[in-house]
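Q: Once you've had a glance at the structure underneath, I'll fire off some questions.
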Amino acid sequence: MSFAMFFLAEVPSTWSPSLAVATDLFLGAGAARSSESLGLDLVLIKGRRAAVLLRLERWTLPRYRYDQLMSFGGGAVARLGDHLLVTAAGCSILSCVLRLLRAVAAERR
């Protein structure tokens, strides 16, 4: 019984006040405040859409264990970040060198 209650508690958690605040802040529900009923209707409609998308995401995508996420972040993502950092630094240095060479070539003319 407690196992079922744990999973049934997930549904009301999508309708928590934090969803209403997120809807108001990030989905632009506060943009139409000409009438109070229209603004509340927009918050409820957008909140319902966000809750449905949240449930669909939870029901369809697999949930990963914490150790899998940590090994992925520590392995592949960290190496990718290192490569991107080295590439960005190389491009920045190359850009500075090319700018310097253009300045020197312009002075020689």
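Q: How many nm separate the modelled label positions at Leu94 and Arg108, each set 7 Å beyond the Cα in the direction of the Cβ?
A: So the label points at Leu94 and Arg108 sit 2.2 nm apart.
Q: How large is ³J(HN,Hα), in whole Hz, for each residue of region 47-57 in order, when computed from phi with the Karplus curve 6.51 cos²θ - 1.76 cosθ + 1.60 and θ = phi - 60°, using x for Gly and Pro?
A: Listing the rounded values in order: x, 5, 4, 5, 5, 5, 5, 5, 5, 4, 5 Hz.
Q: Search the structure for amide H atoms under 5 Å from the amide H of Leu27, placed 1.01 Å from N in the peptide plane, and list their residues when 5 or more places away or on another chain.
A: none
Q: Now a separate question. Just the number: Rg to Rh for region 66-109, Cα atoms, Kirkwood Rh, two decimals.
A: 1.45
Bear in mind that the values in this text are calculations on the coordinates, not laboratory data. Keep in mind that what you see is a predicted model, and the values were worked out from it rather than measured. A quick note on method: Cβ atoms are made from the backbone with ideal geometry, for glycine too, and the neighbour counts reach across all protein chains shown.
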